[in-house]
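To start, the structure under review is shown below, and the notes come after it.
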């Protein structure tokens, strides 16, 4: 039924619950699992006229992204390993919902699994819910884990 699962994670408790759920599904169906962590340049977040975005060089951003990704993937991978499920991990760059949708579509995934909330509620309110956008625009089923 589900041969390829995409687990979108930010390392939050909700994302770790989603990974454990994906692990259970993968074990049941023998699914391949991919962890996707999307890094958003922190300097590019919500600049305004009073506080313009800070420019960081590409090497700095790439290094930050890799460090954060390694930590998130290791933490998320532990939830999958506890289920006895092998996985691979991918690092995306940009807006999380857009990147999740792009990877899911291009990779031919059968199911996207993600937490219903990752970042704090204020950030979700200001940026729009990643889970909500993925749920509305995905070309495959989406499982939101609370």
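The values are calculated or read from the model by the stated rules, or taken from the named source; none is laboratory data. None of the values given here were measured: they were computed from a predicted structure. Reconstructed Cβ throughout: ideal geometry from the backbone, glycine too, with neighbour counts over all protein chains shown.
Kindly indicate whether any position in the stretch 37-44 is out of contact with any strand residue (DSSP E or B) (no Cβ under 6 Å at 6 or more places or on another chain), over 19 Å from residue 134 (Cα atoms) and either surrounded by 21 or more Cβ atoms within 10 Å (Cβ to Cβ) or modelled with pLDDT of 90 or more (or both).
no
Hey, any hits in the stretch 102-110 for a residue that's within 18 Å of residue 9 (Cβ to Cβ), surrounded by fewer than 16 Cβ atoms within 10 Å (Cβ to Cβ) and either in contact with a helix residue (DSSP H, G or I) (Cβ under 7 Å, 6 or more places away or on another chain) or modelled with pLDDT under 95 (or both)?
Looking through the stretch 102-110, none of the residues is within 18 Å of residue 9 (Cβ to Cβ), surrounded by fewer than 16 Cβ atoms within 10 Å (Cβ to Cβ) and either in contact with a helix residue (DSSP H, G or I) (Cβ under 7 Å, 6 or more places away or on another chain) or modelled with pLDDT under 95 (or both).
Being surrounded by fewer than 18 Cβ atoms within 10 Å (Cβ to Cβ) and either at pLDDT below 95 or part of a helix (DSSP H, G or I) (or both) is the filter here; which residues of the stretch 80-92 pass it?
Passing the criteria: only 81.
State yes or no: is residue 102 within 14 Å of the chain's Cα centre (by Cα), in a loop (DSSP other than H, G, I, E, B) and more than 13 Å from residue 34 (Cα to Cα)?
no
Mind checking which pairs have a first residue in the stretch 54-79 that is surrounded by 12 or more Cβ atoms within 10 Å (Cβ to Cβ) and a second that is assigned to a helix (DSSP H, G or I) and modelled with pLDDT under 90, Cβ under 6 Å, 6 or more apart or different chains?
56/43
Can you name every residue in the stretch 1-30 that is surrounded by fewer than 20 Cβ atoms within 10 Å (Cβ to Cβ), under 14 Å from the mean Cα position of the chain (by Cα) and either assigned to a loop (DSSP other than H, G, I, E, B) or at positive phi (or both)?
11, 12
From (1) modelled with pLDDT under 95; (2) closer than 21 Å to residue 24 by Cβ; (3) in a helix (DSSP H, G or I), pick out the condition that doesn't hold for residue 122.
It is condition (2) that residue 122 fails.
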